[in-house]
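The values are calculated or read from the model by the stated rules, or taken from the named source; none is laboratory data. Predicted model, so just to flag it, every value in this text is computed and none were measured. Every residue, glycine as well, gets a Cβ built from its backbone with ideal geometry; the counts of neighbours run over all protein chains shown. These area figures cover heavy atoms from the full protein model, side chains too; ligands, DNA and RNA do not enter into them. Shrake-Rupley method; radii C 1.70, N 1.55, O 1.52, S 1.80 Å.
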Amino acid sequence: MSLDSHLPAYKSDFAYQFDNEIILNWYPRRIMALTEPSNHVLELGIGHGYSCNHFSEYFESYTVIDGSESVISNFREVFPSSKAEIVEGFFEDFSSERKFDIIIMGFVLEHVAQPADILRKYRELMVPGGRCFVSVPNAESLHRRFGAAAGLLDNVLALGEGDLVLGHRRYYTVDSLTTELEEAGYSILRKEGIFLKPITTKQMISLELGRDIIDGMCKVAVDYPELSAGLLFEATSNK
């Protein structure tokens, strides 16, 4: 299936845009708080464009790879002043003589056919002591645990309609992401949660919660990755 076929999920009227705006603006802020503007950065995937916009404004050297011409065009339309250096191509085919201080895989591994291969490939593109930030959706989040207990999900690993539209192949857990990173030759430096969401998206929207409450859910999530909607791991090469 063409990557361009998932473009509707990256438009502003997507059913789960509420979650996206929270999660995809929060985790870049966390990464920027842990890095320096002078770092040379490579990111995999434009996605909704939030992280690219943040990172291209913060880092002096920022490159992003994406294999979808339509997603790239959509990003340029939404963020016309972005300074991001965009490379069109598949993650598997990318090569560079340059090494990077920081490599970011923001909600990428759940999409690709062979995540372990991607992790190993890009580990080789980090400078000695470089760091990789990986974020993925968490199967064992509080709201998915409640959904499974209430019979709304067959199990916490089950893919929903929104996942299929987005092209998701899998969910992760704290344990499975830990194992995948370690087997690919990484040492994990940090494990955080992204957005401690207790109920469904529709229920959250109906409550009309203030920004202070939403921010509180993100701040508390940092210390509870096993219950949060997303996971954010920081790792470095152990090779």
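Take V78 and decide whether it is of a type in the set (V, I, T) and modelled with pLDDT of 95 or more. Taking the combined requirement at face value, the residue does not satisfy it. Restricting K219, K197 to residues that are open to solvent by less than 40 Å² (accessible area, probe 1.4 Å), more than 30 Å from L125 (Cβ to Cβ) and not aromatic (F, W, Y) narrows the list to K197. Residue count for the range 222-239, restricted to those that are open to solvent by 90 Å² or more (accessible area, probe 1.4 Å), at pLDDT 95 or above and not aromatic (F, W, Y): 1. Screening G151 against (1) open to solvent by 50 Å² or more (accessible area, probe 1.4 Å); (2) assigned to a strand (DSSP E or B); (3) small (G, A, S) leaves a single unmet condition, (2). Residue check: is L164 hydrophobic (A, V, I, L, M, F, W, C), open to solvent by 30 Å² or more (accessible area, probe 1.4 Å), out of contact with any Ser or Thr (no Cβ under 7 Å at 6 or more places or on another chain) and free of Cβ contacts under 8 Å to residues at least 40 places away in the same chain? Criteria met by L164.
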